[in-house]
Structure formats: structure tokens, C-alpha cells
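Accompanying notes for the structure given below.
The values are calculated or read from the model by the stated rules, or taken from the named source; none is laboratory data. Remember, predicted model here, so these are calculated numbers, not experimental data.
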Amino acid sequence: MKRKILCNIVVLLLLSGAVFANNDSVKVAAKPSVYQGMTLKLDIVTPALTAGLSKGKLQQYEVAMNWRLKDRFYPTLELGYAGGKTQKGDTLKYNAHGGYFRVGCDINPLKKHPDSPHAMLIGIRIGTGIQGKKTDCWGEIVAGCQVEIAKVKNTAFYMGWMGRLKILFTREKEGLAADQMGPIYIPGFGDRNNIGWGLSYHLGWQF
């Protein structure tokens, strides 16, 4: 009798171990992978917005890419070019041409549905604009969203928008003469003011 009871206990322990091992394997399988694809974006509104606000004197083009990590984090790189004729007042005129880039990270705060293909994004950027020997830097607080509009096999297509509040770091000293001032237009930032804003609307391709 004792031997039979001992055998039953051993069998139960083995079965319990198998169940827990199976549950653990299911939990591991359910965890999202760290890297979940890259999205390449083309800004389709900034060129029209820049040209419209400057009455056709300025041009700006931008592409961006982000990497989705663990369903929630989106490290981001944005690259662009801006240039054209601009002026301040009636006398100070300037031809501005240069490239810019921004780096930063967004987070999707929708905790209830982290695995959804749609995302609300909040993040920060550090931007740098370069024209000739002059380099300017600024920071941005951004907010927006991206929505999946179609999917073909493992490729998804997105559309979305992003609003930007810009804070210029490289500010000019007060009282400088006109010939001592930096460019009055900064690629990627806009007119040389301490605070700026921006709005982008993009189409994206995730692969």
C-alpha cells in the first residue's frame, strides 16, 4: 500500500511539473519580440505648408523612419532639406539652403492595447540644422498618431500626423548688428525665433 501511494505521489509531481513547464512555455511564447519592424515615412504636408506660408519662397522635404520595439517604443530618425529666399523686415534678405536631422523616441501610451497596429505617439526630438558653416540645435515635444490603413502579407501601410512644439537652443545675443547675426531661417526649425511649431502628415510603409 505504501509503495502504491508513493508511486501515485511521484506520478502527480511529474504531471504537475509538466503542466507548469507547459504554462511557462506558453508565457514565454506570448511575450512580444523586442524588434517588430521598421516604418519608412514620407511627409506629404510639410512641402505644401512651407510653400503656402512663405508664398512659394521656401521649400522643405522630409522623410522619417522609426523602429517598433516591444509594442510600445519607437526610436525615430528624421531627415530633411529646406531652402529658399526669406527676409526679415524690409531690408534683411537671405538665401537659406541646408539639411537637417532629428533624433528621438516616441512612446505609445495605450497600455490596454499595446499589440494593436494603431498607435498614439508622444515623444521628444533633438534637431540639428546645417547651412554652410552655421549649425543650429533645438528640442521638440511631439504628439500624434499612426493608423494602419492596409496590410499585404507581412507588409503594412500607415498614415498619420505629428504636431511639434520647438524650442531653439542656439539663440542669438541681443543687440547684434545685422552682419553679426546668424541666418534668419533655420532648416528644419523655421524662422529664427525662440519658440516654433510644426505639423507633419505622413504616409508610411512598414516592413
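Brief remarks on what is shown
- Assessment of region 50-65 against the conditions (modelled with pLDDT of 65 or more and of a type in the set (Lys, Arg)) yields at least one matching residue.
- Restricting the search to strands (runs of 3 or more DSSP E) fully inside region 69-158 and requiring at least 3 residues that are at pLDDT 95 or above and closer than 16 Å to Leu40 by Cα gives 73-88, 92-107.
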